[in-house]
Amino acid sequence: MVDATPELTDFRASVRTLVRSSFLDTYHERSKGTQYPYDSLKTLGDNGLLGLLVPEEHGGQGAGLQALGIACEETAYADSSCAYPVFAHNVMADMLIKFAAPEVVERWLGPLLAGEAVCAIALTEPGSGSDAQALTTKAVPVDGGWELSGEKTSITQAPDADVTVVVARESDSGRISAFVMDMDQPGVSTHRFEDPGFRPTGRGSIAMDRAFVPDTHRLGEGGKGFAMIMQEFDLTRTLIAFMALGLAHKALDMTIEYVQQRHTFGRPLTHYQGVTFPIAEHLTHLTAVRALATRALEDREAGRPHTVEAAMLKWWAPQVAFQTVQDCVVLHGHVGWSEDLPLQSILRDVSNFQIGDGTAQIQKLIIARSIFGRQVMADSGPTTATTQENS
Ligand SMILES: Cc1cc2nc3c(=O)[nH]c(=O)nc-3n(C[C@H](O)[C@H](O)[C@H](O)COP(=O)(O)OP(=O)(O)OC[C@H]3O[C@@H](n4cnc5c(N)ncnc54)[C@H](O)[C@@H]3O)c2cc1C
């Protein structure tokens, strides 16, 4: 694969060396448990992979979006549970730099960059997922700040999070804002889900009962929280495509190696087009996904619109990656359907991407609306801008 510049090629090589030597061999065993990968988080922090978008004067790398895409892909290849913090910490750090008050940056940026704190972003609620703007978590103004009450659900890293961005409705104005909440705050409790994949990073619910956040901990202006999160979706949906690529490539590499060794009917499997052509097709699809994802990041870097590209990536990349891994399982025969190899873990992990950050239907809605306008939902659902889109 060819990166845009020699610097990015060097960056990919150095990340690959680090993550494959540090995480690859332990991925399979770790994927079975629910122990948060604190040791790996520290390794990622020590090597500057958690603050790639943060300017050097704030302690980050200032390496840019393309570098972040590469880091997500390469880390997911080695261990998806280590890739998630690369994804989440970089996004969270970027949000803090862009929108948080200096005291919030002072409190959380250092620990996040160093891999000494775990973060989560909480938008979804029991009654609102795709229809995100229907959220009911309340932020009640009190002396010196806000009290948050409500429940967030299906939040990645919630069980181990130290700090969470909570999207809530201000009770006095009805505006939706985003708040940086310390998870140690009285009134906050979490519940861990039993998940098929991404078990070490975990997912869960967050209950808030009058949890206090100081005034300074509202991100940006009041009422901008929803738009802020929607704009981050254009980035996170693109980065998810890179993580999906990493997982799919690992399965494909395992398969390329396996089919050269395995013989049937007196010949290696590589003699049969029924084996080699699916591999050729999946490599084509993965290469095309990477090209679109790279373009979306270039557009973001240049300040060009990329909501539609991010939506295309969010429905397409998980599907391409899932189908790749599924075929890799079959191309391994019976050993593919066992826990002796990591393929089943990869399959479970990659299936995550089909739902988190918005389903395929919602992404296609965004794309269709960019073609036909807002009438698209008129016959089939709500007509307002309440879905997870920012257009
Ligand atoms: C692994 C994982 C990690 C997640 N991590 C986070 C996180 O860190 N933070 C967070 O806030 N959330 C997170 N989520 C939640 C995720 O964003 C929501 O699950 C997702 O947006 C869908 O919402 P829902 O589950 O409420 O499904 P619903 O909105 O109830 O939808 C159910 C089904 O109906 C379809 N549907 C709904 N409306 C329409 C329509 N108008 N037209 C066509 N089809 C429609 C959907 O596509 C879906 O298939 C995560 C989810 C998963 C699975």
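The values are calculated or read from the model by the stated rules, or taken from the named source; none is laboratory data. Quick caveat: nothing in here was measured; it's all calculated off a predicted structure. Cβ coordinates were reconstructed from backbone atoms using ideal geometry, including for glycine residues, and neighbour counts include every protein chain displayed.
Quick notes on this structure:
- Residue 78 being over 15 Å from residue 44 (Cβ atoms) and either out of contact with any strand residue (DSSP E or B) (no Cβ under 8 Å at 6 or more places or on another chain) or within 16 Å of the ligand (Cβ to nearest atom) (or both): no
- Of the strands (runs of 3 or more DSSP E) contained entirely in segment 95-175, those carrying at least 2 residues that are at positive phi and either touching a residue at least 24 places away in the same chain (Cβ under 8 Å) or not aromatic (Phe, Trp, Tyr) (or both) fall at 145-156.
- Filter result for residue 127 (over 24 Å from the mean Cα position of the chain (by Cα) and surrounded by fewer than 17 Cβ atoms within 10 Å (Cβ to Cβ)): no
- Scanning segment 184-195 for residues that are away from the ligand (no atom under 14 Å from the Cβ) and out of contact with any Lys or Arg (no Cβ under 7 Å at 6 or more places or on another chain) yields a total of 6.
- Test: residue in segment 185-194 that is within 25 Å of residue 359 (Cβ to Cβ), part of a strand (DSSP E or B) and touching a residue at least 40 places away in the same chain (Cβ under 8 Å): yes
- In segment 36-74, the residues that are farther than 23 Å from residue 107 by Cβ and free of Cβ contacts under 8 Å to residues at least 12 places away in the same chain: 39
- Residues that are in a helix (DSSP H, G or I) and either surrounded by 15 or more Cβ atoms within 10 Å (Cβ to Cβ) or modelled with pLDDT under 95 (or both) within segment 25-38 comprise 26, 27, 28, 30, 31, listed in sequence order.
- Filter pass, residue 33 being more than 19 Å from the chain's Cα centre (by Cα), within 26 Å of residue 254 (Cβ to Cβ) and either in contact (Cβ under 8 Å) with a residue 12 or more places away in the chain or not assigned by TED's automatic domain parsing to the domain that holds residue 300 (or both): yes
- Index of the failed condition, residue 198 passing every other in (1) within 13 Å of the ligand (Cβ to nearest atom); (2) touching a Leu at 6+ places or on another chain (Cβ under 9 Å): (2)
- Verdict on residue 163 being under 28 Å from residue 348 (Cα atoms), assigned by TED's automatic domain parsing to the domain that holds residue 14 and within 16 Å of the ligand (Cβ to nearest atom): no
- Matching residues in segment 23-80 - criterion: being of a type in the set (Val, Ile, Thr), touching a helix residue (DSSP H, G or I) at 6+ places or on another chain (Cβ under 7 Å) and over 24 Å from residue 318 (Cβ atoms): 43, 54
- One residue from 62, 51 being out of contact with any Cys (no Cβ under 8 Å at 6 or more places or on another chain) and at positive phi: 62
- Among (1) touching a Lys or Arg at 6+ places or on another chain (Cβ under 9 Å); (2) acidic (Asp, Glu); (3) within 30 Å of residue 29 (Cα to Cα) - the single one residue 162 does not satisfy: (1)
- Test: residue in segment 226-241 that is farther than 30 Å from residue 138 by Cβ and loosely packed, with under 15 Cβ neighbours inside 10 Å: no
- Checked against (1) surrounded by 21 or more Cβ atoms within 10 Å (Cβ to Cβ); (2) assigned to a loop (DSSP other than H, G, I, E, B), residue 82 meets all criteria but (2).
- Count of residues meeting criterion [assigned to a helix (DSSP H, G or I) and not hydrophobic (A, V, I, L, M, F, W, C)] in segment 39-79: 15
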